[in-house]
Amino acid sequence: MPTARRTLTLTLLLVAAGSLIFTTGAAVVDGPADTAADGNLAVQPADGPNGQYAYLNNDDEIAIDVSASNPNIQDPSFEGVNVGTTGTIDEVFTITYTGEQFARVWIAYPNESVTFVADGESIEGNESSVTLAPNETVTIGLALDTRGATAGTRLGANEFSIEAELAEPEDMADSSPETGESAGGVDGGEPSVTVTSPSETSRGFRATDVARGGSVRFEADGMHLAGGNVTLDWLDLSGVRTESVEVNAVGSPNPVASGSALAAPTSPRPISYLSVDHDFAPDEVDEMTIRFSADRNYLNAIGAEPEAVTLYRQTDAGEWAEKPIAVVDDPTRTPGVSADRVHFRATTTEFSTFAVAAHAPRFDVTDATVTPGATEPGEAVTVRATVRNGGGAAGERTVTLTADGDPIGNETVALAPNETATVALRGTVETAGTYEIALDGTPVGTLTVGDAGDGDARESAAGSGSPQAGGSAPATEPGDDAGRDAPTEEPGGVDLVDFGGLLAALLLAVIGLALFRRVSRS
C-alpha cells in the first residue's frame, strides 16, 4: 500500500507571553477529506474545538497550523505556543480506514519538539502503529515540548507523512460451541478481530460481525502478567449476543489500579494480576475463558506445584472469589508461547480484576499444654498441641519444641488442607531453673526444672560450717566451696565391732606374755 506525504504548515510560532487559547472553529466530519493509500485513508479535521488547528489547504491536503496565520482562529490575541513548556493538544485530526481488509497506520515525523499521539501514546514509526479495521477511525493529537526553544521561531519541520500497510487479521481458532450454534461471524463466517495498542503488558481487542450466540477468541500471544514467567495466551468469549465487542486487558505482577491486593482466608500467594475492561453488558456475553501459562522453572523456584496454581476474581464488593481452574495437559499451541510451559484454563461468567495465585500449606498451632509443669534435670517434659493446616494446599511441617529458645524436641506433621492433628512432643532440660517453653516460637507455658528452694537451703547449710548432731562435720558435694578449707579427715578403716575384737586379741597377747615371763623365772 503506497504512502502519502503531506505538507505540514505547522507554524507553531513561539511567543514569550500569552496562553494557548482554544476557540471553537468549523469542523469537517462528513465533508471533504484528504485521501491517502490509494484512497483507503481519509484524513479530516477532528470534530471538536481542537479541530480548528487542522484544515484542508488549497491542494486539499491536511494542514496543521497552531499560530496566528491559521485562518480558523478568529482570536486576534492568539499568537502561538508558549516557550519553555510541555503540553498536549488532543483530537486535532482523524484518520479513517475505508478499505476492506485491516491496515496498520502510523506517522513518520522525526522531530523532538512535536510528537503525533493517539490516546496519549506516540503513533510515530512502524513500531507504534495502530491497526484499523474497515471503517475504523483513529483520532490524532499533538504533544509539544518547547523547552529550549527560542521565541519567534518555527517549532517543528515542514512536512510529515501518513503511512500504512495491510495487516492480516488474527487467525481465529475453531471454537464452535457444542450446541450447534454458529461460533463465528454473521452468515456463518468468522468474526473480524483486531488487536490495537499492543505492548508487553496490555492488549486492546475488538471483534465485529459476531453471530448471535457465537464465540470470539482474542489471541494475546504471551502478554506478560508477571514478566515472561506468567503470560496471558488468549481470551475466549462464548454466547455473545451483540455484533461487536471490545476488551482491554492489562497485566502486572502488582495490584492494578482497578483492584486491590489479593486477600483470601487461605492466604494464597499472589503471583500476578489481570485487569479486563469491556464495553458489553453482562447479559450480552455468557462466559469468558482465560488461558494463561507459567514457566516450569519459575514455579519450581517459588515452590508452587502446578496443581496449587489458582485464579481469583475480585467482586464488586472488593472481596476475592476463587474460580475453578484446570491444568491443560495437551494445550493447543499458541503463537509465541513455548509448548513446554504449564498451561491453565479458567472460566468465569463475570469480568473484572483477576489474580493468579498459588496455594500453600499454612500450619497453625493451638491448645498447647505442658506436662508436667515441674520436673527434675534430665527428666522428660511433654507438650501436647493441636496443629491445623489452614492453607489451600497439602504439606508437611516440622514443629519444634524449645526451652528459652533452645530446641529440645521436634515432630514432623503432614496434613491435607483444613486437616487437624494432635501432636505430642517430648524434650529434656539438663540444668535446674525456670524456662519458657514454646512451640514454633509461640509461648505455651513455663517449666520449672529442679527444686530451686531446697537447693538454696542445702547451699546455706554447707557454707555455715556448723557441726551436725553428734559432732560430725557437714557433708559437702565434691567441689563445693563451703568445704574446700576444712581439714580433711582420713578414713579409719575399722568400725567398733572390729575394734572390740582387736582389743580382745591384744589382751590375750598381754596375758600370754606375762605367763611366759612367769614361767621363765621359776
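Where the centre of each part is set by its Cα atoms, how far does the range 213-231 sit from the range 85-145, in angstrom?
Value for the Cα centre distance between the two parts: 25 Å.
Using the Cα gyration tensor of the range 312-433, with a ≥ b ≥ c the square roots of its eigenvalues, what is the shape: rounded (a/c below 1.5), prolate (a/b larger than b/c) or oblate (neither)?
prolate
In the range 193-344, carbon and sulfur make up what percent of the accessible area (probe 1.4 Å)?
44
Once the dipole of the range 269-418 is set up with Lys and Arg at +1 and Asp and Glu at -1 on Cβ about the Cα centre, which of 309, 288, 276 lies farthest towards its positive end?
Value: 309.
May I ask which residue of 149, 74, 41 lies farthest towards the positive end of the charge dipole of the range 39-158, with charges of +1 (Lys, Arg) and -1 (Asp, Glu) on Cβ and the Cα centre as origin?
Going by the Cα projections, it comes out as 149.
Over the range 205-264, what is the relative contact order in percent, taking alpha-carbon pairs closer than 8 angstrom and at least six residues apart?
38
The values are calculated or read from the model by the stated rules, or taken from the named source; none is laboratory data. Predicted model, so just to flag it, every value in this text is computed and none were measured. Every residue, glycine among them, receives a Cβ derived from its backbone with ideal geometry; neighbour counts consider all protein chains shown. SASA here: full protein model, heavy atoms, side chains in, ligands and nucleic acids out. Shrake-Rupley method; radii C 1.70, N 1.55, O 1.52, S 1.80 Å.
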